[in-house]
Amino acid sequence: MNNHVAALMEDVTAKNPAEPEFHQAVKEVAESLVSVLDRHPEYRSARILERMIEPERVVMFRVPWVDDQGSVHVNRGFRIEMNSAIGPYKGGLRFHPSVNLGILKFLAFEQVFKNSLTTLPMGGGKGGSDFNPKGRSDQEVMRFCQSFMTELQRHIGPNTDVPAGDIGVGGREIGYLFGQYKRVVNEFTGVLTGKGIHWGGSLIRPEATGYGVVYFAKEMLATRGDSLKGKKCLVSGSGNVAQYAVEKLIELGAKAITLSDSSGYIHDPDGIDAEKLAFVMDLKNKRRGRIREYAEKFPASTFTETDLSKDHNPLWSHPADCAFPCATQNEINAKDAATMLANKVFVVSEGANMPTSAEGVERFVAAKILYGPGKAANAGGVAVSGLEMAQNSMRYSWHREEVDQRLQVIMADIHSACLEAAERFDAPGNYVDGANIAGFMKVADSMLDQGIV
Ligand code: NDP
Ligand code: 2IT
């Protein structure tokens with residue numbers, strides 16, 4: 001390991017104990033930046049990277065709420081305001097029992113680079129709670145959201161910090177959160193994105209992350225004169241990102257053969273067509289059921305339970321051309337990555353944030369496959385959030401085609417920014433280094449301009 005990276009990581013692990021995901025995200029970026037910091041001593045002397053790994057502000061708060069039986073629960077709420085050099089803090093809220101400070105710090109750190117890549121003026125942030133929405137009634141989720149926003153509203157605003165959705169936070173939760181913000185602050189404003197279409201939302205925002213991750217794969221394939229047509233694709237997750245990734249894959253003539261949730265995965269050798277996808281959307285978004293039901297409904301498919309203690313995830317062992325991990329962090333480990341490479345998977349476009357372990361990333365990069373890291377490949381979601389903010393500021397809304405067109409242009413621009421930066425810093429074709437470098441330089445230059453703050 002380079003000396004500067006080693007010293008930085010020693011400091012990061014000492015100052016941020018028990019935050020392995022945060023360490024993982026920082027180390028990857030620091031390693032990508034070695035030649036940038038060598039060529040730009042001004043970044044080093046201004047301690048740009050050291051400042052970027054320290055959140056500008058962390059808010060942690062109690063979220064008490066009452067369930068349908070009258071029992072009182074206490075959850076923990078967070079908002080990490082990571083970096084505001086290029087715009088207001090921007091990033092999602094995650095409601096999942098695994099949420100803790102370290103996970104949200106890794107997500108907020110990644111968000112800074114991702115938002116910079118989108119070409120739009122957004123800083124980076126992330127928040128959420130260890131609240132588990134699974135099995136809770138709409139009324140319980142509403143009471144939780146109201147309690148969460150009663151505190152969060154003090155810290156956010158359309159020009160300060162603009163949250164959105166992430167795991168466990170979709171249209172329903174954004175609605176309850178927005179309702180409470182408006183009630184407490186007495187202001188109808190673009191303080192959240194992912195809003196409903198009649199109250200300030202943008203067309204294509206629900207679709208944007210999934211569509212974007214497929215557009216990014218399309219761009220990567222085009223560099224080899226290839227396309228998605230006829231490609232066999234592994235997709236994980238079955239939530240917002242996975243659903244719209246599959247929708248776009250179907251439209252572009254590819255064949256998605258898997259989907260998953262935290263209980264297991266389904267494999268459908270015939271491919272998930274539009275009718276089957278409609279079933280998944282109803283199952284996951286309305287009935288809030290388990291993916292196992294897919295295999296009961298479509299008997300040509302199989303359901304396999306996922307044993308989280310196992311050293312590999314069998315979803316990734318099916319032969320395919322492309323993979324779209326769209327569930328959660330570190331869902332592809334070194335063994336999974338090796339299996340995928342042995343099976344000739346040559347495109348990986350990440351819908352989830354940091355779904356591949358550090359060793360897995362190393363294998364993909366060494367094999368020189370088309371590997372699009374999350375902070376580039378899944379930036380379409382936050383990009384359309386940026387477009388939602390722009391429309392809110394104008395008090396106007398664009399048509400579906402216009403937003404989709406802008407999304408496609410942004411994904412193509414991110415793709416070429418990654419390749420250009422990688423080329424300039426002697427790592428041709430390496431999208432990991434390219435994304436980290438291109439994302440970093442815009443923020444670093446802005447921080448230099450703004451002095452030591
Ligand atoms: P959803 O809550 O809509 O869906 C999440 C999916 O992943 C569900 O199928 C869920 O299964 C599964 N999942 C979540 N946690 C785990 C886990 N620990 N182990 C196994 N499966 C799990 O979230 P999104 O689709 O919005 O988010 C998916 C990923 O995409 C996340 O990494 C998120 O950070 C990232 N992302 C999301 C964006 C967005 O705009 N929404 C933008 C950019 C990135 P189950 O139903 O059982 O919980
Ligand atoms: O990880 C992400 O980029 C998101 N969850 C979306 C953030 C946003 O502000 O739209």
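The values are calculated or read from the model by the stated rules, or taken from the named source; none is laboratory data. As the structure is a computational prediction, the values presented were derived from the model and not from experiment. Cβ sites come from the backbone with ideal geometry, for glycine too, and all protein chains shown count toward neighbours. In case anyone asks, the SASA skips ligands and DNA or RNA and just uses the protein heavy atoms, side chains included. Shrake-Rupley method; radii C 1.70, N 1.55, O 1.52, S 1.80 Å.
Rundown of residues vs (1) more than 13 Å from the chain's Cα centre (by Cα); (2) closer than 16 Å to Asp166 by Cβ, yes/no style:
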{"residue": "Phe106", "(1), (2)": "no, yes"}
{"residue": "Leu117", "(1), (2)": "yes, no"}
{"residue": "Gly125", "(1), (2)": "no, yes"}
{"residue": "Gly128", "(1), (2)": "yes, yes"}
{"residue": "Phe131", "(1), (2)": "yes, yes"}
{"residue": "Arg136", "(1), (2)": "yes, no"}
{"residue": "Phe144", "(1), (2)": "yes, yes"}
{"residue": "Phe148", "(1), (2)": "yes, yes"}
Hey, can you tell me all the residues within the stretch 428-453 that are within 24 Å of the chain's Cα centre (by Cα) and assigned to a loop (DSSP other than H, G, I, E, B)?
-> Gly429, Asn430
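What are the residues in the stretch 395-415 that are assigned to a helix (DSSP H, G or I) and free of Cβ contacts under 8 Å to residues at least 60 places away in the same chain, if any?
Once the filter is applied, which keeps residues that are assigned to a helix (DSSP H, G or I) and free of Cβ contacts under 8 Å to residues at least 60 places away in the same chain, the stretch 395-415 yields Glu401, Glu402, Gln405, Arg406, Val409.
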With respect to Leu249, is the statement that it is buried (at least 21 other Cβ atoms within 10 Å of the Cβ) and in a strand (DSSP E or B) true?
-> no
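Taking Ser317 as the residue in question, decide whether it is of a type in the set (Ser, Thr, Tyr) and at pLDDT below 95.
No: the conditions fail for Ser317.
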For the stretch 78-134, enumerate the residues that are surrounded by fewer than 24 Cβ atoms within 10 Å (Cβ to Cβ) and basic (Lys, Arg).
-> Lys134
Residues in the stretch 244-254: is at least one in contact (Cβ under 8 Å) with a residue 60 or more places away in the chain and under 17 Å from the mean Cα position of the chain (by Cα)?
-> yes
Of all the residues that make up the stretch 13-46, how many are charged (D, E, K, R) and more than 27 Å from the chain's Cα centre (by Cα)?
-> 4
Under 9 Å by Cβ, and 6 or more places apart or on different chains, what pairs join a residue from the stretch 181-197 that is under 16 Å from Asn392 (Cα atoms) and touching a residue at least 40 places away in the same chain (Cβ under 8 Å) with one that is away from ligand 2 (no atom under 16 Å from the Cβ) and open to solvent by 20 Å² or more (accessible area, probe 1.4 Å)?
-> Thr189/Lys182
Scan the stretch 42-54 and give yes if some residue there is closer than 21 Å to Leu93 by Cβ and buried (at least 19 other Cβ atoms within 10 Å of the Cβ), otherwise no.
-> no
How about the stretch 430-453: which of its residues are of a type in the set (D, E, K, R) and either open to solvent by 70 Å² or more (accessible area, probe 1.4 Å) or touching a Phe, Trp or Tyr at 6+ places or on another chain (Cβ under 6 Å) (or both)?
-> Lys442, Asp449
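Would you call Tyr211 within 16 Å of ligand 2 (Cβ to nearest atom), assigned to a helix (DSSP H, G or I) and open to solvent by 20 Å² or more (accessible area, probe 1.4 Å)? Walk me through it before giving the result.
Details: within 16 Å of ligand 2 (Cβ to nearest atom): yes; assigned to a helix (DSSP H, G or I): yes; open to solvent by 20 Å² or more (accessible area, probe 1.4 Å): no.
No; evaluated as a whole, the condition is false for this residue.
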